[in-house]
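A quick write-up on the structure given underneath.
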Amino acid sequence: MSDKFYITTPIYYVNDAPHIGHAYTTIAADVLARYHRAEGRDVHFLTGTDEHGIKIVKAAAEKGVTPKELADEVVVHFQDLWVALNISNDDFIRTSQPRHEGRVQELIRRLVERDEIYLGKYEGWYDEGQEEFVTEFTAAENDYKSAIDGKPLVRYSEPSWFFRLGKWVPKLIEHIEADPAFVQPRSRRNEVLSKLRQGVEDLSISRRSEKLGGWGIPMPNDPDHSVYVWVDALSNYITALGMPEIGDEFNGKAEAYWPADVHLIGKDILWFHAVYWPCLLMAMDVPLPKTVFAHGWWTSEGKKMSKSLGNFISCEAISELCEEYTRDAFRYFVLREVPFGADGDFSAEAFARRYNTELANDAGNLLSRTVNMIGRYFDGDVPEPKQRTTEGVEAKFLAEPIRRLQEKSSEMMSRCRFSEYIGAVLELASATNRYIDSTEPFKLAKDPSQRERLGTILYTCAEAVRIALSYLEPFMPEKVAEGLAQLGVSGGESRSLSERGCFGLIEPGTKTVKSVPLFPRKLLNE
Ligand code: MSP
């Protein structure tokens, strides 16, 4: 892997405030960004908002404000939520920013120059909620309603600029077949391939500007038309960097991040990212992103999220959960509860249970036990072990979970297997708890002849906890820093995460600091 790592989230529509779906992708992207930074890579993490298009125009009209006013109001909710969730994005792009608008026009000019677009006539069904034309077949299949939000489809008939999408499809199929990492997870890749093989029409990439009340990016070759919002939006991944390929006077640093390592998205917008986007890039002769990873959707308390059902996990609901459990626990839970890629259900009870069993009991309790015993038997100083390895008879069975983390964590991260990665860390915590139970240091402490053995056991525990916490750092940066401070060590400024995963780094004599439990247990209403 190169030492640069560029990760993006979708840019979110500003027609409404953020909810758990938006938070989910952004937290996952943040974890990857933090993980790769901790591995010493030069990371660029981009998120932002998608502010053009009919959806925003309509939402603004309903509220009696201009699209710009609506965007300016709603974007703050996204930005605030990212601060509240400790998201470490390096840039935040808004598609209404001049930097974006100008570069999108450059990009269209490039397509015009290369004869990749032509003026045609669009006639057919349009799903305004999704900003997408729908084929006659799909429209009829869904009773001329949106398959996504059930609203009636609208009949459109108008001149439009088309991108020669069909021309690039054979090359795209070849690429997807040759590179299994390009579209993930595998099941989604198969879906995309089979849909592509059914044939794909050219893509209408403009809309009449008057329909949008002028809210959009004018087509540079035909100002009566605005750039289709999906082309506008997808371009953000490169317009935010600025690229010489699109005629930009780039700043010399950001453009080096392209191609993106991962575009993280939800499954509903995979087609746009796995088909339209790569074909547009090929047409512009720009390298393709390395991976498009589509995650699943959340339901809430067993049902589709809806404001009227009262199960909507809004940004306010997220803030309340963070208040009660801490934001780190929330970040942990959403990535632990469901394998990334699959659909999942959010339930307050599942959150509370997982918090108590995994964070309070397994991880937090292990830290408290270790720090307490070092405090009680060694005045708080990490004892000198007989040897600084896990090879000693006592600690042998900790070697396996540590080795698994060392060998597999990078692969798990590269395949977005967050839940499995956390599971591997918990396995180390459980093994260490079992180690304490079986060696019974509290009994050994009463026997002065066992002093050296006691020291080795507690040193080993301190190391196991340090390693487990270190691997959790991308998920729970604040809690891990607190936990490591109790062990008397700081985070990883000078060492990469995989270096910190090695056993034997704590210096004997390090002062531990007894403190409050990292994850205090919550009372459950059984
Ligand atoms: N603006 C487009 C994306 C353009 S990217 C070039 C868009 N915006 S969105 O605000 O509607 O949605 C953004 C993301 O939220 C999508 O990835 C979508 O999958 C995700 N989610 C929306 N509801 C969700 C759940 N209930 N669960 C998980 N993610 C969900 O689409």
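Data table
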quantity	calculated
For I148: the one exception among (1) within 16 Å of the ligand (Cβ to nearest atom); (2) free of Cβ contacts under 8 Å to residues at least 40 places away in the same chain	(2)
Filter result (of a type in the set (A, V, I, L, M, F, W, C) and crowded, with 21+ Cβ neighbours inside 10 Å) within segment 58-80	A60, L70, A71, V74, F78
Which listed residue is part of a strand (DSSP E or B), in contact with a strand residue (DSSP E or B) (Cβ under 9 Å, 6 or more places away or on another chain) and of a type in the set (F, W, Y), from Y6, Y24	Y6
Residues within segment 354-396 that are surrounded by fewer than 22 Cβ atoms within 10 Å (Cβ to Cβ), β-branched (V, I, T) and touching a residue at least 24 places away in the same chain (Cβ under 8 Å), tallied	2
Extreme residue, nearest to the ligand (Cβ to nearest atom), among residues of segment 301-317 that are touching a strand residue (DSSP E or B) at 6+ places or on another chain (Cβ under 6 Å) and within 18 Å of L85 (Cβ to Cβ)	I313
Test: K211 is within 28 Å of the chain's Cα centre (by Cα), outside any loop (DSSP other than H, G, I, E, B) and among the basic types (K, R)	no
I265 vs. criteria under 28 Å from the mean Cα position of the chain (by Cα) and within 16 Å of the ligand (Cβ to nearest atom)	yes
Long-range neighbours under 6 Å by Cβ, at least six apart or interchain, first residue within 9 Å of the ligand (Cβ to nearest atom) within segment 19-37, second modelled with pLDDT under 95 and not hydroxyl-bearing (S, T, Y)	H19/I313; I20/I313
Scope segment 468-501; condition among the aliphatic types (A, V, I, L, M) and in contact with a Lys or Arg (Cβ under 7 Å, 6 or more places away or on another chain); matching residues	M476, L484, L487, V489
Near pairs, Cβ below 9 angstrom, 6+ apart or cross-chain, from segment 235-248 (small (G, A, S)) to any residue that is part of a loop (DSSP other than H, G, I, E, B) and modelled with pLDDT of 90 or more	S235/T95
Within segment 137-166, considering residues that are touching an Asp or Glu at 6+ places or on another chain (Cβ under 8 Å) and in a helix (DSSP H, G or I), the one surrounded by the most Cβ atoms within 10 Å (Cβ to Cβ)	L165
Those residues of segment 256-270 which are touching a helix residue (DSSP H, G or I) at 6+ places or on another chain (Cβ under 7 Å) and either at pLDDT 95 or above or among the charged types (D, E, K, R) (or both), in sequence order	A260, V262, H263, L264, I265, G266, K267, L270
All helices (runs of 4 or more DSSP H) inside segment 43-132 with 2 or more residues being out of contact with any Lys or Arg (no Cβ under 6 Å at 6 or more places or on another chain), of a type in the set (K, R) and modelled with pLDDT under 95	54-63, 98-113
Residues located in segment 332-347, provided they are touching a residue at least 40 places away in the same chain (Cβ under 8 Å), within 15 Å of the ligand (Cβ to nearest atom) and assigned to a helix (DSSP H, G or I)	V334, L335, E337
Enumerated helices (runs of 4 or more DSSP H) restricted to segment 396-444, each holding at least 1 residues that are among the small types (G, A, S)	396-414, 418-439
Residues of segment 203-219 satisfying the condition of being buried (at least 18 other Cβ atoms within 10 Å of the Cβ) and not aromatic (F, W, Y)	L203, S204, I205, S206, R207, S209, L212, G216, I217, P218, M219
Restricting segment 283-300 to residues that are part of a loop (DSSP other than H, G, I, E, B), within 16 Å of the ligand (Cβ to nearest atom) and not aliphatic (A, V, I, L, M), the residue that is farthest from the chain's Cα centre (by Cα)	P289
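The values are calculated or read from the model by the stated rules, or taken from the named source; none is laboratory data. All values reported here derive from a predicted model rather than from experimental measurement. For neighbour counting, all protein chains shown are included, and Cβ atoms are generated from backbone atoms with ideal geometry for every residue, glycine included.
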